[in-house]
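This report refers to the structure that appears directly beneath it.
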Amino acid sequence: MFSYRHAFHAGNHADVLKHTTLIAVLRHMTQKDTALNVFDTHAGAGLYRLDGDYAQTSGEAANGYLLLVDALAKAAGNAKPKAETHPALQDYLDLVASFNTGASHKVYPGSPFIIHRLLQGRDRDRLKLFELHPTDAKTLSANIAQLDAGRLITVLREDGFEGLKKFLPPPSRRALVLCDPSYELKSDYGRVADMMTDAVKRFATGTYMVWYPIIPRPEAHDLPRKLKTLANREGRPWLHATLTVKSSKLGTDDAGEVVRPGLPASGVFVINPPHTLKATLTGALSQAADLLAQAKNKGFEVETGG
């Protein structure tokens, strides 16, 4: 149950999708002065070292955040005219870069630190972070303590699926819930759907963002359909975006051994999204798909309804 560590995957193409979306959603929601409550149901460790053992073992950031940085740097140095970086993608890159010094790219912020950065200066806002993994929860608490954020941030060492219930609806009637479990257990898919069903019934006007992997597993393909059914049944608008960077088919190496492709794609489903989000993600993911593509079947999709 406790084997998953996001440190192996920090900065990969799924993080590009998830964090670009998260930043765009929060940029819109923080335009209002009314107090905002943000909940991260699976917060992880908060900060990650891209030059550390975990990230170096997987090398996934090299095909995600670091690949974007490298590709855009090369484009900027090319004498031929190039399309400018999409503002939402640039916003994501600038925010991650702000956690580093100079031209280094050694630190990658997880969702807790991205959210905190966007809530700075908003004294009435509150951020609640759930993390059940004992090691990551301890690291998260230590990382958050360095921020001296006072009452803004609360770290809860408990199951986010269940822990969220007691906070909905929030007093301010404004909230963003981010749910991105590891999906290491097949039961996570069902628990996400159950949590969202309960949350929307408790607080229909909240904004809910779910990240999920797109892999050859029935539960992964059923989840967005269940969330779409939920939103339509409750009469809530929704947005579904996916980013594909490579094929999901098995391959073989030079020795003829079967090679698994790793995560080929991922998606985000947002209930009650900002009205600006579709246009923002359409432009940003179009560029991201081109820059991150590892196969001919690269692509993205942004669908809305409700």
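Things to note:
- Averaged over residues, the count of other Cβ atoms within 10 Å places the peptides 193-199, 121-127 in the sequence 193-199, 121-127, highest first.
- Extension gain for N297 to E184 (0.36 nm times residue separation, less C-alpha to C-alpha distance): 38.1 nm.
- Less than 5 angstrom separates the built amide H of A175 from those of N37, T207, all sequence-distant by 5 or more or on a different chain.
- Positive-pole candidate from I114, F99, L68, dipole of the chain, charges at beta carbon: I114
- Within straight-line cross-link reach of K32, aspartates and glutamates at Cα separation under 12 Å, skipping those fewer than 8 residues along the same chain: D125
- By the rule of a C-alpha distance below 28 Å, with chain neighbours fewer than 8 residues away ignored, the lysines paired with K138 are K18, K106, K128, K165, K166, K186.
- Scattering from the chain was approximated by placing one identical point on each alpha carbon and applying the Debye formula without solvent; log10 I(q)/I(0) at 0.08, 0.16 1/Å stands at -0.33, -1.48.
- A simple count of charges around P218, restricted to other residues whose Cβ falls under 13 Å of its Cβ and scoring Lys, Arg +1 and Asp, Glu -1, yields +2.
- Among N143, Y183, A193 the positive-end extreme of the charge dipole of the stretch 137-193 (Cβ point charges): A193
- Packing rank of 25-34, 271-280, 224-233, where each peptide gets the mean count of other beta carbons within 10 Å, highest leading: 271-280, 224-233, 25-34
- Exposed loop positions in the chain were taken to be GluC sites (Glu not before Pro) whose DSSP state is not H, G, I, E or B and which have at most 15 other beta-carbon atoms within 10 angstrom. Between these positions, the longest stretch is 1-83.
- Note on the chain: antiparallel DSSP beta bridges, both residues inside, total approximately 60 percent of the bridges counted.
- Net dipole in debye of the chain [+1 Lys, Arg Cβ; -1 Asp, Glu Cβ; about Cα centre; nearest 20]: 880 debye
- For A97, the shell of other residues with beta-carbons less than 14 Å away shows a net charge of -1, using +1 for Lys and Arg and -1 for Asp and Glu.
- Fluctuation leader among S104, S172, S141 - the chain, Gaussian network, Cα springs under 10 angstrom: S104
- For the pair A103 and Q31, label points projected 7 Å from Cα toward Cβ lie 3.7 nm apart.
All of the numbers you see were taken from the coordinates with simple rules; none came from a lab. None of these values were measured; they are calculated from a predicted model. As a convention, Cβ positions derive from the backbone with ideal geometry for all residues, glycine included, and neighbour counts pool all protein chains shown.
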